[in-house]
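The values are calculated or read from the model by the stated rules, or taken from the named source; none is laboratory data. Just so we're clear, the structure is a prediction, and the values are computed from it rather than from any experiment. Here Cβ is always computed from backbone atoms with ideal geometry, including for glycine, and neighbour counts include all displayed protein chains. Protein only, heavy atoms only, side chains kept; ligands, DNA and RNA dropped before computing areas. Shrake-Rupley method; radii C 1.70, N 1.55, O 1.52, S 1.80 Å.
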Amino acid sequence: MKPFRYERAGSLASACASATEPTAKFIAGGTNLLDLMKLQIETPTHLVDIGPLPLAEIEESAEGGLRIGARVTNSALAADMRVRRRYPVLSQAILAGASAQLRNKATTGGNLLQRTRCSYFYDTTKPCNKRMPGSGCAALGGLNRMNAVIGVSSDCIAAHGSDMAVAMAALDARVETVAADGVTRTIPIDALYRPPGNTPHIETVLAPGELIQSVVLPPPPPGQQLYRKVRDRASFAFALVSVAVVVTREDDRVRAARVAFGGISYKPWRSAEAEAALIGATVTRASFDAAGRAALRDARGYGYNDFKIPLARRTLRAALADATGVI
Amino acid sequence: MHNENVALTVNGRRHALDLDPRVTLLDALRENLGMTGTKKGCDQGQCGACTVIVNGQRINSCLTLAVMHAGDEITTIEGLEEDGNLHPMQAAFVRHDGLQCGYCTPGQICSAVALLAEHKAGWPSYATADVATAPVLTDGEIAERMSGNVCRCSAYSNIVSAIRDVAEGGRI
Ligand SMILES: Cc1cc2nc3c(=O)[nH]c(=O)nc-3n(C[C@H](O)[C@H](O)[C@H](O)COP(=O)(O)OP(=O)(O)OC[C@H]3O[C@@H](n4cnc5c(N)ncnc54)[C@H](O)[C@@H]3O)c2cc1C
Ligand code: SF4
Ligand code: FES
Ligand code: FES
């Protein structure tokens, strides 16, 4: 690890002001940042610990949803009875991620901003445009089994690793931030992440020193919620593919549907195409398959990850079948 | 870069330390305090050998900085015994032969102790069919909840038996 100056945040304003230096970073749970600092992939010279800030509450919002403080741990969020009853897909997604020990440290803000697990991003002997802009992308012609298949560019095909964010995307979550000048803004979760394009090292729309204060969940959408994750072992592994669905069935038709995928793009991938295909469709495996095909129309594989395209389609089909009670 | 003063409370004893802020909680325990019960396996959050209990919750001590834990109550494997008697979970691991080489064992035991508290608090897991209900601690639930602790010797089935034994409050 490179040396750094450690600061315990005194207030929101001072934390944001300290973190505006380009080589400063906030630290929350530290489970992603410290891992990357040990490998010198992240080399901040100044760490601002947001542990002392009062952002660890889950509150009812005026509109009938929940406001989740950025420091609420993944464990606390998944165990909150309001989340378990009204947003079960979010509890399920969080519990599908990492391990109990990690979830006890990992925070809501840190989870959203965790960096990719692309193995070449972690291997500092290999070219990687995200780690070292302009050096190339070793994953393109390499072992890219874990990488993305949609929405990415020829400069970077990294996938985002968060399970929690996939459920939040299906729930239309909004991210509330504050900057050093005190200005606050609200960003729909879908607009938080920047497509890689030719600047894959710039991952979000957040400015230096801009702090995530909270994540707001609108009132729960009607319908059956479900998270399904497919991975290399039964527990404690990142998703190959995952899907969050919220679906309402009326007789033998789908009345409303929300679909978001994990493991296939640089962000949690909400699919308007799948949703459009599902509205009014019959509740059958054939129409669930058609929705999956619509979702993945623009997808392409890079060799070792070709399997993710049919896997994502089948995972969606299975999740929708489960959620609507189709056998 | 300068050191930071930090007071760590480990197993009820306060230790004043002067630490490089880069020192992880794991290295502070092992190198600065000489408490080598807590093990370093991967140093990346992937194996659970470094599991300790902080303010009642299990965490990976390798992925957190010691300076972030001033004022916290830290419990390590050395702090579980009571008046010279093994903690019931330690005794159950011995009884059920829940180990071979023993390297992962301190982390497994700390993790298992915290698991029972999480279950008692009604926390669900990925193995819980309906997350809105308080789950019964089946073997499937125990295995899922222990998935952050890897055992190279694969003592898993006896680890699950040991935990079930303590959860049921008795001996087998
Ligand atoms: C072995 C292992 C397995 C894992 N498996 C999974 C998995 O299966 N699924 C999954 O979803 N995740 C998984 N994770 C990732 C884990 O969920 C993240 O490491 C964790 O959520 C990050 O949260 P944190 O609070 O520790 O973030 P930190 O490491 O503290 O921070 C991460 C980043 O966010 C920034 N940041 C943090 N908080 C804020 C804020 N409020 N405002 C602005 N910036 C902020 C930091 O500056 C840093 O850049 C795994 C991690 C490990 C180590
Ligand atoms: S996919 Fe992105 S993160 Fe992975 S090697 Fe290529 S540039 Fe780096
Ligand atoms: S040493 Fe901490 S998880 Fe492996
Ligand atoms: S007993 Fe040897 S690693 Fe678990």
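Quick check on the range A:56-68. Is at least one of its residues away from ligand 1 (no atom under 13 Å from the Cβ), among the small types (Gly, Ala, Ser) and open to solvent by less than 10 Å² (accessible area, probe 1.4 Å)?
Yes, some residue in the range A:56-68 is away from ligand 1 (no atom under 13 Å from the Cβ), among the small types (Gly, Ala, Ser) and open to solvent by less than 10 Å² (accessible area, probe 1.4 Å).
Is at least one residue of the range A:52-61 without any contact (Cβ under 8 Å) to a residue 12 or more places away in the chain and touching a Pro at 6+ places or on another chain (Cβ under 7 Å)?
no
Scan B:Val94, B:Val113 and give me the residue that is surrounded by fewer than 17 Cβ atoms within 10 Å (Cβ to Cβ), modelled with pLDDT of 95 or more and in contact with a Leu (Cβ under 8 Å, 6 or more places away or on another chain).
Exactly one of B:Val94, B:Val113 is surrounded by fewer than 17 Cβ atoms within 10 Å (Cβ to Cβ), modelled with pLDDT of 95 or more and in contact with a Leu (Cβ under 8 Å, 6 or more places away or on another chain), namely B:Val94.
Against the condition touching a Phe, Trp or Tyr at 6+ places or on another chain (Cβ under 8 Å) and either in the same structural domain as B:Leu33 (by TED's automatic domain parsing) or closer than 21 Å to B:Asn11 by Cβ (or both), how does B:Gln108 come out, does it pass?
Yes; evaluated as a whole, the condition is true for this residue.
Give me the strands (runs of 3 or more DSSP E) completely within the range A:15-85, filtered to those with at least 2 residues that are within 14 Å of another protein chain (Cβ to nearest Cβ) and away from ligand 4 (no atom under 16 Å from the Cβ), ordered by residue number.
A:24-27, A:46-49
If B:Val131 satisfies every condition in (1) more than 10 Å from chain A (Cβ to nearest Cβ); (2) free of Cβ contacts under 8 Å to residues at least 12 places away in the same chain but one, which is the exception?
(1)
All but one of (1) facing chain A (nearest Cβ under 10 Å); (2) open to solvent by less than 50 Å² (accessible area, probe 1.4 Å); (3) more than 15 Å from the chain's Cα centre (by Cα) hold for B:Cys50, so report the exception by its number.
In the conditions (1) facing chain A (nearest Cβ under 10 Å); (2) open to solvent by less than 50 Å² (accessible area, probe 1.4 Å); (3) more than 15 Å from the chain's Cα centre (by Cα), B:Cys50 misses (3) alone.
Identify all residues within the range A:86-104 that are open to solvent by 20 Å² or more (accessible area, probe 1.4 Å) and in a helix (DSSP H, G or I); write none if there are none.
Scanning the range A:86-104 gives A:Arg86, A:Pro88, A:Gln92, A:Leu102, A:Arg103.
Pick from B:Thr38, B:Thr9: which is touching a residue at least 12 places away in the same chain (Cβ under 8 Å) and assigned to a loop (DSSP other than H, G, I, E, B)?
Criteria check complete, one pass: B:Thr38.
Of all residues in the range A:105-114, how many are within 14 Å of chain B (Cβ to nearest Cβ) and either in contact (Cβ under 8 Å) with a residue 60 or more places away in the chain or surrounded by fewer than 18 Cβ atoms within 10 Å (Cβ to Cβ) (or both)?
Here the count works out to 5.
So which of B:Thr76, B:Thr105 ends up being away from ligand 4 (no atom under 16 Å from the Cβ), among the hydroxyl-bearing types (Ser, Thr, Tyr), under 21 Å from B:Thr36 (Cα atoms) and more than 8 Å from chain A (Cβ to nearest Cβ)?
The unique qualifying residue is B:Thr76.
Filter the range B:134-172 down to residues that are part of a helix (DSSP H, G or I), surrounded by fewer than 18 Cβ atoms within 10 Å (Cβ to Cβ) and within 14 Å of another protein chain (Cβ to nearest Cβ) and give me whichever is nearest to ligand 3 (Cβ to nearest atom).
B:Tyr156
Looking at the range A:121-136, is at least one residue in a helix (DSSP H, G or I) and away from ligand 3 (no atom under 16 Å from the Cβ)?
yes
Based on what the data block shows, is A:Cys137 modelled with pLDDT of 95 or more, more than 15 Å from the chain's Cα centre (by Cα), within 6 Å of ligand 2 (Cβ to nearest atom) and surrounded by 21 or more Cβ atoms within 10 Å (Cβ to Cβ)?
On the way: modelled with pLDDT of 95 or more: yes; more than 15 Å from the chain's Cα centre (by Cα): yes; within 6 Å of ligand 2 (Cβ to nearest atom): yes; surrounded by 21 or more Cβ atoms within 10 Å (Cβ to Cβ): yes.
It is true that A:Cys137 is modelled with pLDDT of 95 or more, more than 15 Å from the chain's Cα centre (by Cα), within 6 Å of ligand 2 (Cβ to nearest atom) and surrounded by 21 or more Cβ atoms within 10 Å (Cβ to Cβ).
Scanning the range B:74-91 for residues that are closer than 15 Å to B:Ile59 by Cα and open to solvent by less than 20 Å² (accessible area, probe 1.4 Å), which turns out nearest to ligand 3 (Cβ to nearest atom)?
Filtering the range B:74-91 for residues that are closer than 15 Å to B:Ile59 by Cα and open to solvent by less than 20 Å² (accessible area, probe 1.4 Å), the one nearest to ligand 3 (Cβ to nearest atom) comes out as B:Thr76.
Out of all the residues in the range A:74-91, is one or more touching a residue at least 40 places away in the same chain (Cβ under 8 Å), under 30 Å from B:Asp20 (Cβ atoms) and within 13 Å of ligand 1 (Cβ to nearest atom)?
yes
Just to be sure before I move on: is A:Ala96 touching an Asp or Glu at 6+ places or on another chain (Cβ under 7 Å), at pLDDT 95 or above and either away from ligand 3 (no atom under 16 Å from the Cβ) or away from chain B (no Cβ under 14 Å) (or both) in the structure I sent?
yes
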